[in-house]
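The values are calculated or read from the model by the stated rules, or taken from the named source; none is laboratory data. Since we're looking at a predicted model, the values are computed, not measured. All Cβ positions, even for glycine, are placed from backbone atoms using ideal geometry, and neighbour counts span all protein chains on display.
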Amino acid sequence: MFVYLVIRIGSILPDGGEIVFSTYDGLINNRATNDLYVMDVDQTLAFPIAKQQGNSNIEPRWSPDGMQIAFVARNNKRHYLYVIDPLGRNARLLAPDFDISLAPVWSPDGKRIAFVTSISRKIYIAMTDLLTGQTYVMSEVNSADPQPTWSPDGDYLFYVTSKNERAWLQEVRTDCATQLNGCQNNAVDVLSDIAVSSSPVWSQGGREIVFDWINDDHVEFVSGIVNCFDLHQDYCLESLKTIASNQNRIDSYAAWSPNSQYLAFIDVTSHIQVMNRASGIIDSKAPIPSILYMHGLTWSPDSKHLTFEAESTDRQDIYVMNVVDNTTYRLTSKSNHNSDPSWRPLPH
């Protein structure tokens, strides 16, 4: 078992808060294993919470109230969806009839989880209800990375699919299981005349969204004002405009700060870019020496710190950056492969 110890330096680390992440923990029967750790940033100590559910535990995601963690347990060629509490207790298998469950995403109310699954070599978006235990196949997608995301009211799921060799955005109502036509015939195109490369990322409260769209031979970072969440309707989304030309970006998953004042993303030079949405000014953060690639940005609840994965030639670590004074510190040190950092939300 690895134990991480981080020395606090000035204001680099926030006061309080917890981060869950996945870390490589050795070989078992010649298979790589990953375990989940929760790091108490205030005490700078990490402890394991998920070691028994599968050969490898990956993709941890906090519930909106911070009381549960969804994750994927990989056992041989199967990938099962679990939830567990922050102390590693009360593990619960969800969607047991699905051998492939990946990329879990909590609904805003924490009662459902959307995930990506594979059935007969086709990829689908599915949704499981934690209260009833029912799981619904929502829509087939023609994409290896559909990036499912919820509308802020939980009534719609958005995802990226491919048609005519282009990536398009679609939505499906999450109450489709109660509709006459069911879920499979309920998906509709969003922005049907625009090719996209990412699902929308919503600001807190859902007043604004950002996403990538493909304009001719390059990609642009676009924002829009949201009047309602059924983006299939033209009147629900207006004032689309390019806020950054991102033809050099490598991380399509922008991250809103919890206070909705900042957007963060990463460019091809491994610079973290932080945009002040009020002024439109982009602050380019200094790169970290010897780092080749960064991704997986997540904000702390106080909107002052970012965590992310950073890869060098022989290891992958999790870092935290203070976006106010630009100081950066590596959180992980023992294992050579750490991934999927996620901040615990503040209690509701």
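Identify all residues within the stretch 223-250 that are at pLDDT below 80, under 22 Å from Val190 (Cβ atoms) and either assigned to a strand (DSSP E or B) or in contact with a His (Cβ under 6 Å, 6 or more places away or on another chain) (or both); write none if there are none.
If the condition is that a residue be at pLDDT below 80, under 22 Å from Val190 (Cβ atoms) and either assigned to a strand (DSSP E or B) or in contact with a His (Cβ under 6 Å, 6 or more places away or on another chain) (or both), then Ile243, Ala244, Arg249 are the ones that fit.
Can you tell me which residue in the stretch 297-319 is surrounded by the fewest Cβ atoms within 10 Å (Cβ to Cβ), limited to those that are of a type outside the set (A, V, I, L, M, F, W, C) and outside any loop (DSSP other than H, G, I, E, B)?
Glu311
In this structure, does Ala278 turn out to be out of contact with any strand residue (DSSP E or B) (no Cβ under 7 Å at 6 or more places or on another chain), of a type in the set (A, V, I, L, M) and either buried (at least 19 other Cβ atoms within 10 Å of the Cβ) or under 22 Å from Val222 (Cβ atoms) (or both)?
So Ala278 fits the description; yes.
Within the group Ala264, Ala278, which residue is hydrophobic (A, V, I, L, M, F, W, C) and within 23 Å of Arg61 (Cα to Cα)?
The unique qualifying residue is Ala264.
With the condition kept exactly as written, say whether any residue in the stretch 251-260 is among the acidic types (Asp, Glu), assigned to a strand (DSSP E or B) and either on the phi > 0 side of the Ramachandran plot or at pLDDT below 90 (or both).
There is no residue in the stretch 251-260 that is among the acidic types (Asp, Glu), assigned to a strand (DSSP E or B) and either on the phi > 0 side of the Ramachandran plot or at pLDDT below 90 (or both).
Mind checking whether some residue in the stretch 126-141 is without any contact (Cβ under 8 Å) to a residue 40 or more places away in the chain, closer than 26 Å to Ile194 by Cβ and not aliphatic (A, V, I, L, M)?
no
Take residues that are touching a Phe, Trp or Tyr at 6+ places or on another chain (Cβ under 8 Å) and modelled with pLDDT of 85 or more and tell me which of the strands (runs of 3 or more DSSP E) falling wholly in the stretch 1-82 contain 2 or more.
18-28, 31-40, 56-62, 69-75
Looking at Asp175, Asp153, can you tell me which residue is within 26 Å of Gly296 (Cα to Cα), among the acidic types (Asp, Glu) and modelled with pLDDT of 85 or more?
Asp153
Criterion first (of a type in the set (Val, Ile, Thr) and at pLDDT 90 or above) does Thr307 satisfy it?
yes
Condition first: buried (at least 18 other Cβ atoms within 10 Å of the Cβ) and small (Gly, Ala, Ser). Now tell me which residues in the stretch 104-142 satisfy that.
Correct list: Ser107, Gly110, Ala114, Ala126, Ser139.
With the condition kept exactly as written, say whether any residue in the stretch 205-221 is surrounded by fewer than 14 Cβ atoms within 10 Å (Cβ to Cβ), among the aliphatic types (A, V, I, L, M) and at pLDDT 80 or above.
No, that holds for no residue.
Only one of (1) in contact (Cβ under 8 Å) with a residue 24 or more places away in the chain; (2) touching a Gly at 6+ places or on another chain (Cβ under 7 Å) fails for Asn322. Which number is that?
Going through (1) in contact (Cβ under 8 Å) with a residue 24 or more places away in the chain; (2) touching a Gly at 6+ places or on another chain (Cβ under 7 Å) one by one, Asn322 breaks only (2).
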